Amino acid sequence: MPFADVILPLPLNGFFTYSVPEQYRKQLKEGERVLVPFGQKKTYIAIVAKLHDSKPEGYAVKDIFSVLDAQPIVYDTQLRLWQWIADYYMSPVGEVMKAALPSGMKAEEGYRPKTETCVRLTPKFGNEQAQHIALDMLQQNRAHKQYKAFCTFLDICTSQQPVTLAELLNASHASPATIRALVQRGLIETYEVEVGRLNHGGEPHPELIKKLSAAQQEAYNKILFSMLRKSVTLLHGVTASGKTEIYIHIIQREIDQGRQVLYLLPEIALTVQMMERLRRVFGNRLGIYHSRYSDAERVEIWQKQLSAAPYDVILGARSAVFLPFQRLGLVIVDEEHETSYKQQEPMPRYHARSVAIMLASMAAAAEQQRPSVILGTATPSLESYYNARTGKFGLVTLTERHQGIELPEIEVVDIADLQRRKMMSGPFSPLLLSRVREALERGEQAILFQNRRGYAPQVECHQCGWVPHCQHCDVSLTLHRQMNQLTCHYCGYTYQVPTECPACGSHDLRTRGVGTEKIEDQLRDIFSEAHIARMDFDTTRSQGAYERLIGDFSSGRTNLLIGTQMISKGLDFDRVSVVGIINADNMLNQPDFRAYEHAFTMMTQVSGRAGRRNKRGLVILQTRSPQLPVIQQTIHSDYEALYRDLIAERQAFRYPPYSRLIYIFLKHRSEQLTDSAALELASRLRQWFGSRLLGPDKPAVAKVKSLAIRKLVLKVELELSMADVRRYLLLAQQQMMADKRYGTLQIYFDVDPL
């Protein structure tokens, strides 16, 4: 096999062929890394995708410089999954490689294992007689500190366990200079030992798995039966129904049968609580993988998955779908409705739920068994529920909360009416404040939900109406008062807060709207005795911030939590009795055909944080539109009614699940060029797709990072060949990019957008 097709970590389509030098031909395998030249002077680490003996025609083939691995670091299933992602989401396979591999496996300097300095006797003093001579010598030279340190070392030294330098320093109370003196005398020597960065969870304790309730046991049996007939099973269980306990029983069953499990969660924040829960049962059989881990830690988890003793269970966010699995038997996608499973920037813009289903299918095919995927949620995505109702997926429902706790009572407050009567206290209704106060006085906890971070979404001149906007993006700036700056939430650029209006010179600048930071400030004035915390993107940036916030609230060190959608995603707190939704209209009034679906999901999920132990919770839902059907459906937890309403609309207007959507974006610094390119691209595509193509239009935010943006929408019937659709789209893209006018134009695709 003298030639190798490799994947380069570059935004280029297809494979690149290199010649395999004679010395590597017997050892090189598909899935290994190689160092290859590319261009005039650059070298890259590439993955071997295919070995063959077909010499390319028309150009000189360059040699592989070196082979970096003794065994593949990427399995055949992964390579096929990468290619599927590249094809389906219309992304270069090199971009998939970049997303999949930790940085330490793509860089020439590579991953450096963590080491620890240890101490041992030199060969000369390896026997007892020589050690006595050494001690006598130290005494004669009056090296008392060295004598004490050497005696301590001999006491703690065993042949089974290495002695670390830190351990010797602590045990002997010696200084580093004293230890260096013993090294210089030739009595001891230091050496480096590779140590893992991974936390060890201890021994597994399957006896800690709780007995299922009658309802849970019935759901468990139905899931197992469904898994015999369907590749994917949707578990539709109300909040706090005990879905996690069912998962734990199924995971243990898979482990007992020698198979691995991938357990996906949409947010890193959720892995904190779930990790503690799963680690108590599965111990060191559990591995954690997400982007908040250091790159070196992710490399070590990857290597462990390739080892003879891989983790039986991986708990992780969406990037965990890229890990290597040797005997994958089950994938659990918890909170399957979550939009966080969709990767937005950078490419590939994949949906982890879809990738997980394909991964399970490919892994099962390799083992010649049926793939098993469980999608779990209290609020299914419309597409998943449609697939379950039409028989493509299995469907198991769990309609009662664990231990018979009732679903929370939801009281709707018409804030438009209260504002007319001037009864609102800022963004808070009297009912909300009184219920929160009562909960705190009883020693319980409360959560307030507002899906806008910062202090205020806008600053406005009261005299002339001037509003500060980002210089680089088509959005107004958000005030962050704690940092005393205006911030663009699209490009991250920050500005000083003006003291006067640049348009009219007025000093009367006022804030409009309410963010989580302002709510926190106002609540500190209203509930001075409360222990308040805020969970949003601003407070969770630092390492360990998630764990600290969740730990403090779980333990009761804080009793009033304000947050964005982060707090709606499956967190489990025992003492929360009241949940307040500050303004439901922020979610309802979005220019998106999924707005009501997402609003119902978020309101239901955040409501589900209330009353999870021994007592029914209360939710105060503040809105200006209490008459909307989606509000009533939320009050009654009536997902079926929501589904009936929305699925009829989707069918009438040919939206998913009755079609596939592909968004086509064009970006360029020149707005005029972007407009002309969008019109030309639309003209080309309409020759093939006709009325299926909508646009071009300006999206809601039409400029980001100084790039003008235009958008086309393609609705594709399910019966059409997606391979043909992708071929036409890529052809049109290539034709546009071949035009010199559009040399710096960006054209990209978002398949199955959210």
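Taking region 139-258 and the helices (runs of 4 or more DSSP H) fully enclosed by it, the elements with 2 or more residues that are within 28 Å of the chain's Cα centre (by Cα) and not acidic (Asp, Glu) are at 214-229, 243-256. When region 647-696 is limited to residues that are basic (Lys, Arg) and in a helix (DSSP H, G or I), the one that is farthest from MET90 (Cα to Cα) turns out to be ARG650.
This table checks each residue for (1) among the aliphatic types (A, V, I, L, M); (2) within 18 Å of LEU754 (Cβ to Cβ).
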residue: LEU685; (1), (2): yes, no
residue: LEU693; (1), (2): yes, no
residue: PRO696; (1), (2): no, no
residue: PRO699; (1), (2): no, yes
residue: LYS703; (1), (2): no, no
residue: LEU707; (1), (2): yes, no
residue: LEU714; (1), (2): yes, yes
residue: LEU718; (1), (2): yes, no
residue: ARG726; (1), (2): no, no
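Within region 596-623, being closer than 27 Å to TYR386 by Cβ and either open to solvent by 10 Å² or more (accessible area, probe 1.4 Å) or of a type in the set (Asp, Glu) (or both) holds for TYR596, GLU597, HIS598, THR601, MET602, THR604.
Looking at region 289-318 only, could you name the residues that are free of Cβ contacts under 8 Å to residues at least 60 places away in the same chain, hydrophobic (A, V, I, L, M, F, W, C) and farther than 19 Å from ILE250 by Cβ? Result: ALA308, ALA309, ALA317. Of all the listed residues (ASP521, ASP574), the sole one being acidic (Asp, Glu) and closer than 28 Å to ARG616 by Cα is ASP574. State yes or no: is ALA708 open to solvent by less than 10 Å² (accessible area, probe 1.4 Å), more than 21 Å from PRO380 (Cα to Cα) and within 31 Å of the chain's Cα centre (by Cα)? Against the criterion (open to solvent by less than 10 Å² (accessible area, probe 1.4 Å), more than 21 Å from PRO380 (Cα to Cα) and within 31 Å of the chain's Cα centre (by Cα)), ALA708 qualifies.
Return the total of residues in region 295-322 being among the charged types (D, E, K, R), touching a Ser or Thr at 6+ places or on another chain (Cβ under 9 Å) and not in a helix (DSSP H, G or I).
So the count comes out to 0.
Within region 392-417, the set of residues being open to solvent by 30 Å² or more (accessible area, probe 1.4 Å), over 29 Å from ILE447 (Cβ atoms) and not in a strand (DSSP E or B) comprises LYS392 only.
Residues are listed down the side, and each one gets a yes or a no for (1) among the hydrophobic types (A, V, I, L, M, F, W, C); (2) at pLDDT 95 or above; (3) within 19 Å of the chain's Cα centre (by Cα):
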| site | (1), (2), (3) |
| --- | --- |
| ARG280 | no, no, no |
| ARG292 | no, no, yes |
| ARG298 | no, no, yes |
| ALA309 | yes, no, no |
| VAL313 | yes, yes, yes |
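Here GLN71 meets each of (1) part of a loop (DSSP other than H, G, I, E, B); (2) closer than 24 Å to HIS351 by Cβ; (3) not aromatic (Phe, Trp, Tyr) with one exception, condition (2). The residues in region 707-739 that are of a type in the set (Gly, Ala, Ser) and at pLDDT 95 or above can be counted, and the count is 2. When residues in region 365-375 are screened for being of a type outside the set (S, T, N, Q) and surrounded by 20 or more Cβ atoms within 10 Å (Cβ to Cβ), 4 of them pass. Taken over region 683-727, the residue count meeting the criterion of being of a type in the set (Ser, Thr, Tyr) and in contact (Cβ under 8 Å) with a residue 12 or more places away in the chain is 1. Note on region 376-387: residues that are open to solvent by 10 Å² or more (accessible area, probe 1.4 Å) and either assigned to a helix (DSSP H, G or I) or of a type in the set (Phe, Trp, Tyr) (or both) total 3.
Within region 556-591, restricting attention to residues that are in a strand (DSSP E or B) and out of contact with any Ser or Thr (no Cβ under 7 Å at 6 or more places or on another chain), the residue that is surrounded by the fewest Cβ atoms within 10 Å (Cβ to Cβ) is LEU560. Once region 624-641 is narrowed to residues that are polar (S, T, N, Q) and open to solvent by 70 Å² or more (accessible area, probe 1.4 Å), the residue that is nearest to TYR596 (Cα to Cα) is GLN632. Within region 86-138, the set of residues being more than 27 Å from the chain's Cα centre (by Cα) and either of a type in the set (Gly, Ala, Ser) or part of a strand (DSSP E or B) (or both) comprises THR115, GLU116, THR117, CYS118, VAL119, ARG120, LEU121, GLY126, ALA130, ALA134. Scanning region 14-47 for residues that are polar (S, T, N, Q), within 18 Å of TYR59 (Cα to Cα) and in contact (Cβ under 8 Å) with a residue 40 or more places away in the chain yields a total of 2. On inspection, ARG644 qualifies as of a type in the set (Lys, Arg), surrounded by fewer than 24 Cβ atoms within 10 Å (Cβ to Cβ), outside any loop (DSSP other than H, G, I, E, B) and over 24 Å from the mean Cα position of the chain (by Cα). What do you reckon, is ALA503 closer than 23 Å to VAL436 by Cβ, part of a loop (DSSP other than H, G, I, E, B) and at pLDDT 90 or above? Answer is no for this residue.
Identify all residues within region 50-71 that are more than 14 Å from PHE3 (Cβ to Cβ) and either surrounded by 10 or more Cβ atoms within 10 Å (Cβ to Cβ) or within 38 Å of the chain's Cα centre (by Cα) (or both); write none if there are none.
Across region 50-71, the qualifying residues are PHE65, SER66, VAL67, LEU68, ASP69, ALA70, GLN71.
The values are calculated or read from the model by the stated rules, or taken from the named source; none is laboratory data. What you see is a predicted model, and the numbers here were worked out from it, not measured in a lab. Using ideal geometry, Cβ is built from the backbone for each residue, glycine included, and neighbour counts are taken over all protein chains shown. We work out accessible area using only protein heavy atoms, side chains counted, and drop any ligands, DNA or RNA first. Shrake-Rupley method; radii C 1.70, N 1.55, O 1.52, S 1.80 Å.
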